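Quick notes on the structure that follows.
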Amino acid sequence: MAFGRNKEPNYFHLLAEMTGCASQAAKLLVELVDDYRDVSEKAEAIHDVEHRCDKLLHSLSAQVNAAFITPIDREDLIGIANGIDSITDAIEDSASSFHVYSVRTLEEDVFSMTRLALSSVDALHEAVQAFETYKDPHTLDERIIEVNRIEAEGDLVYKNALRKLYTAPAPSALHILKWEHIFGTLEQILDGCEDVADQLSLVAIKNR
């Protein structure tokens, strides 16, 4: 069935609201590392955004389950929504780790990783906004390519960050453990964006 035929509810708008929440959370994460004070309060603000994303997911799931027909397959709608929710979960996990692990000083590569995460989430948000108008795929395809490009760049930064972490002079095991997790969750954001972007591409092709 073609996209955009249903009037209420608009599942595409709900998906865009979810990526909007992810974008807001990613912006707050960049602000957290850029101005590394009041970390617990900033992490809590990101948690509140993640909670809003959860509510949107539950709303979309309930409406999909109650619908007689949906503009695309139910499994695709739920799969995309769950993927977006996982991105926001990873952002919240990254933010809370700074507080839970009592991180005092930041590794240099965290600034690059958080900015790449924000760029990727923003590109995905634009892709989701373009998802409804699949018959004009230029913007959708362009943004999907950008998400994939950012993920590849982030993969190199991630590997380099780990290499520096492991080869630093006499690093403590606890320090390595903390930063393995933080860098890992930041990498999960990038991977999650790529996964959702790939889902969008496949679903759009299937419905053309």
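More than 23 angstrom separation, counting every C-alpha pair in the chain; what % is that?
Looking at the chain, the distances longer than 23 Å represent 45 percent of pairs.
Under the classification rounded if a/c is under 1.5, otherwise prolate if a/b is larger than b/c and oblate if not, where does region 46-143 fall, given a ≥ b ≥ c as square roots of the Cα gyration tensor eigenvalues?
Since a/c reaches 1.5 but b/c is at least a/b, the shape of region 46-143 is classed as oblate.
Using label points projected 7 Å from each Cα along Cα→Cβ, tell me how many nm separate Asp155 and Asn82, to one decimal.
Distance between label points: 2.4 nm.
For the chain, what relative contact order do you get, as a whole percent, if you take Cα pairs closer than 8 Å and at least 6 residues apart?
30 percent.
For a quick check: sort Val64, Val49 by the number of other beta carbons within 10 angstrom, fewest at the front.
Fewest-to-most ranking of Val64, Val49: Val64, Val49.
For region 92-107 and region 41-78, compute the distance between their C-alpha centroids and round to whole Å.
The distance from the Cα centre of region 92-107 to that of region 41-78 comes to 27 Å.
In a Gaussian network model over the chain where Cα atoms closer than 10 Å are linked, find which of Ser59, Ser102, Ser172 has the largest mean-square fluctuation.
Ser172
Could you order the peptides 158-166, 22-30 from most to least packed, using the average number of other C-beta atoms within 10 Å per residue?
Most protected by this proxy first, the peptides run 22-30, 158-166.
Among the aspartates and glutamates, which have Cα under 17 Å from the Cα of Lys55 when same-chain residues fewer than 8 positions away are ignored?
Within the straight-line limit of under 17 Å, Lys55 reaches these aspartates and glutamates: Glu17, Glu44, Asp85, Asp89, Glu92.
Anyone know which of Ala95, Ala170, Ala66 comes out most mobile in the 10 Å Cα GNM of the chain?
Taking springs between Cα atoms under 10 Å, the residue moving most is Ala170.
So, with +1 on the Cβ of K and R and -1 on the Cβ of D and E, and no other charges, what is the size of the charge dipole of the chain about its Cα centre, to the nearest 20 debye?
The dipole magnitude comes to about 180 debye.
Readers should treat all values here as calculations from the given coordinates under stated rules, not as data from a laboratory. Because the structure is predicted, anything quoted here is derived from the model rather than measured. Note that each Cβ is placed from the backbone with ideal geometry, even for glycine, and that neighbours are counted across all protein chains shown.
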